[in-house]
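Novice: My questions will all concern the structure given below.
Derivation of every value follows stated rules applied to the coordinates shown; laboratory data play no part. This is a predicted model, so every value here is computed, not measured. Because the Cβ atoms are built from the backbone with ideal geometry, glycine has one as well, and the counts that use them run over all protein chains shown.
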Amino acid sequence: VQLQASGGGLVQPGGSLRLSCVASGRTFSRSVMGWFRQAPGKEREFVAALTWIGGTSYAGSVKGRFTISRDNAKNTVFLQMFSLKAEDTAVYYCAAKERTLALGTSPSDYDYWGQGTQVTVSS
């Protein structure tokens, strides 16, 4: 699976963004897809994950503000982000794990990674 993330940018606090991640590969429809983020000087941290049958998991810091979804026909996973805060500023990465229903929350749970897209929340 190859992943291409996009949709990042500069947004004011309280604003919203939608990230997209297009996947290529035969088993996208049977993959768990995840979003992680990494701020400068910090470790990569889990944001959200979604199975191919609709199970989801969110980090506590984004629950209620972010929504992960997927369009299997377009091989795309989305991260809709609302009520953005300065602390959401980071490079956001999409990730994939094939042929599983396990909602991994650690980077080591995933086999494939996109290149990252920068999200900056600032006034």
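Novice: Could you pull the Cα extents of segment 53-121 along its three principal axes, largest to smallest, in whole Å?
Specialist: 35, 24, 23
Novice: Of all DSSP beta bridges in the chain, what percent run antiparallel (nearest 5)?
Specialist: So the antiparallel bridges amount to about 90 percent of the total.
Novice: Would you kindly calculate the mean projected area, averaged across all directions, of the convex hull enclosing the Cα atoms of segment 1-73, in square nanometres?
Specialist: 5.8 nm²
Novice: No solvent, one uniform scatterer per C-alpha: report log10 I(q)/I(0) for the chain via the Debye equation at q = 0.11, 0.12, 0.13, 0.15 1/Å, two decimals.
Specialist: -0.31, -0.37, -0.44, -0.59
Novice: OK, next. Can you tell me the order of 88-96, 51-59 when each peptide is scored by its average per-residue count of other Cβ atoms within 10 angstrom, highest first?
Specialist: 88-96, 51-59
Novice: Do you know the relative contact order of segment 43-103, to the nearest whole percent, from alpha carbon pairs under 8 angstrom that are 6+ apart?
Specialist: 32 percent
Novice: Could you give the length gained on full extension between Ser108 and Thr56, defined as 0.36 nm per residue of separation minus the Cα-Cα distance, in nm?
Specialist: 16.9 nm
Novice: In addition: Among Glu87, Glu43, Glu98, whose mean-square fluctuation peaks in a Gaussian network model of the chain (Cα, cutoff 10 Å)?
Specialist: Glu43
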